[in-house]
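This is the structure I want to talk about, given as structure tokens.
Read-outs: derived from the displayed coordinates by stated rules, not from any lab. Quick caveat: nothing in here was measured; it's all calculated off a predicted structure. Please note: Cβ atoms are built from the backbone with ideal geometry, for glycine as well, and neighbour counts cover all protein chains shown.
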């Protein structure tokens, strides 16, 4: 019986209705047991949680962020010591914040370690973006070279591991994030943005965590330029995060209050994609770019910076309109092109759906591929 001790930091897991909690329950169907240790501060008030008969979640309840690693190691040790038979694999959700915990448990109990990479750590915008990210990059180099298996979400990241960190290609598994493309494509419209915001002729959708690397400020600046030519356009920003207050202030400074609205994050955005004029992504870096895939599956035309799947799956002028990172003028121009040429938008969205067909596999197939990746290092 294969058991997994997973180390992560997505606190949404403590909401049983959240996407991450539901994914863990699905993973539980392919493992004997799944134990998830989550980095979390004590003042958040989280408690151990049982998501299903064999999926368990444990918050570190740390006094400070500096104690995350030590508290996670302590819980991991208790879990490893309580498992007396069967095979156990350690899996960390990233190579820097949780990776060191995995290394400590691997050394202590001689257990195989899988490290996952969901962010493009090789992006210059990532490792040069802050001192913290530069340190994360250095830590990643150390942890990844000691892992038994590495799961990445794109071929580009796999090749970067091989070229830059000299990782054995046999250790690397490319497994994209699962997106139920058929379900999104076939889902009926339950929310119509065109009816909700009738005063706007065109609607730009932005759906993202509101954090610095997502560069929603760039989206606002580009949109402000577009409004000079299309004053009846509107932007719907769906998401939450630490930058929300600052972004709202920027909307005020740019005098965009009549043209920009913020909405809370939605579990299912398919209706938003299907009733918007286009989807705009302005991130500095993405490991994968799930919203880009969701937009394509919904038939929503995409304008994006060259990140995530826009680097190696979507093509500028064929399946999306793609701009250099941070290029406000380019983004504004692309928005104007699509507002003026609905036929171009239709062609792009049609080609985008074809481009993501390679990701159109069933959830059962995805889970089997995930199980194979873990089983390979447990032998």
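Need one number: nm distance between label points at residue 315 and residue 187, each 7 Å from Cα along Cα→Cβ, rounded to one decimal.
Inter-label distance under the simple model: 2.9 nm.
Moving on. State the label only: which of [x] 1.02; [y] 0.98; [z] 1.44 corresponds to Cα Rg over 2.2 N^0.38 Å computed from the shown model?
Identified label for the calculated read-out: [x].
One quarter of the convex hull surface, Cα atoms only: what value does that give for the stretch 1-56 in nm²?
Values: hull surface 14.1 nm².
Approximately 3.5 nm², given one-decimal rounding.
Binning at 5 Å from 0, report for the stretch 67-134 what percent of all alpha-carbon pair distances ends up in each bin.
The percentages, shortest bin first, are 3, 16, 24, 20, 14, 11, 6, 4, 2.
How large is the direction-averaged shadow of the alpha-carbon convex hull of the stretch 182-359, in nm²? Don't skip to the end; give the middle numbers.
Numbers: hull surface 36.1 nm².
The Cα convex hull of the stretch 182-359, projected and averaged over all directions, gives 9.0 nm².
For the stretch 2-174, count all C-alpha to C-alpha pairs, find those more than 26 Å apart, and express that count as a whole percent of the total.
Values: 4200 of 14878 pairs.
Tail fraction, whole percent: 28.
Within the stretch 306-337, name every residue whose backbone N is under 14 Å away from a label modeled 7 Å from Cα of residue 354 along the Cβ vector.
314-320
Can I ask one more? Give me the extension gain from residue 333 to residue 255: residue separation times 0.36 nm, minus the current Cα-Cα distance, reported in nm with one decimal.
On the way: separation 78, 0.36 × 78 = 28.08 nm, distance 2.02 nm.
Length gained between residue 333 and residue 255: 26.1 nm.
Can you tell which of 242, 28, 149 shows the greatest fluctuation in a Gaussian network model of the chain with Cα springs below 10 Å?
Result for the chain, Cα springs under 10 Å: 242 fluctuates most.
Which order do peptides 160-168, 43-51, 274-282 fall in by mean Cβ count within 10 Å, highest first?
On the way: 160-168: 14.4, 43-51: 12.7, 274-282: 24.6.
In descending order of packing, they fall as 274-282, 160-168, 43-51.
Still on this structure, I have one more. For a quick check: sort 290, 248, 1 by the number of other beta carbons within 10 angstrom, fewest at the front.
Details: 290 18, 248 14, 1 11.
The most exposed by this proxy come first: 1, 248, 290.
As I understand it, the value is the acute angle between the Cα axis of helix 216-227 and the longest principal axis of the Cα atoms of the chain; what does it come to in degrees, rounded to 10?
The helix 216-227 is inclined about 10 degrees to the chain.
Any idea what the relative contact order of the chain is, in percent, if you count C-alpha pairs under 8 Å spaced at least 6 apart? Walk me through the numbers before you get to the answer.
Details: 712 pairs, mean separation 52.4, N = 379.
It comes to 14 percent, rounded to a whole number.
Turning to a different aspect of this structure: If one takes the longest principal axis of the Cα atoms in the chain, at what angle in degrees, from 0 to 90 and to the nearest 10, does the Cα axis of helix 363-378 lie?
The helix 363-378 is inclined about 40 degrees to the chain.
Can you give me the P(r) profile for the stretch 170-238? Cα pairs, bins 10 angstrom wide beginning at 0, each as a whole percent.
Calculated over all Cα pairs of the stretch 170-238, the distribution is 15, 32, 32, 16, 5, 1 percent.
Moving to a separate point now. Working from Cα positions, state the angle (0 to 90°, nearest 10) between the long axis of helix 99-109 and the longest principal axis of the chain.
20
Let me ask something else. Hey, what did the stretch 182-359 get for relative contact order, percent, Cα under 8 Å, at least 6 apart? Kindly include the intermediate steps, with their values, before the conclusion.
Values: 314 pairs, mean separation 43.6, N = 178.
Value for the stretch 182-359: 25 percent.
Would you calculate a helix-derived [θ] at 222 nm for the chain, using -39,500 (n - 2.57) for each DSSP H run of n ≥ 4 and dividing by the full residue count, to the nearest 500? If you can, show how the numbers build up before the last one.
On the way: 16 runs with 158 residues, N = 379.
Computed ellipticity for the chain at 222 nm equals -12000 deg cm²/dmol.
If packing is taken as the average count of other Cβ atoms within 10 Å, what order do 264-272, 87-95, 199-207 fall into, highest mean first? All intermediate terms of the calculation are to be shown ahead of the outcome.
On the way: 264-272: 15.9, 87-95: 23.6, 199-207: 19.4.
Going by the mean number of other Cβ atoms within 10 Å, highest first, we get 87-95, 199-207, 264-272.
Right, something else. Using mean Cβ contacts within 10 Å as the protection proxy, how do 213-226, 97-110, 292-305, 59-72 order, highest first? Could you put the intermediate results ahead of the total?
Numbers: 213-226: 21.6, 97-110: 19.8, 292-305: 26.0, 59-72: 17.4.
With the highest mean Cβ count within 10 Å placed first, the list reads 292-305, 213-226, 97-110, 59-72.
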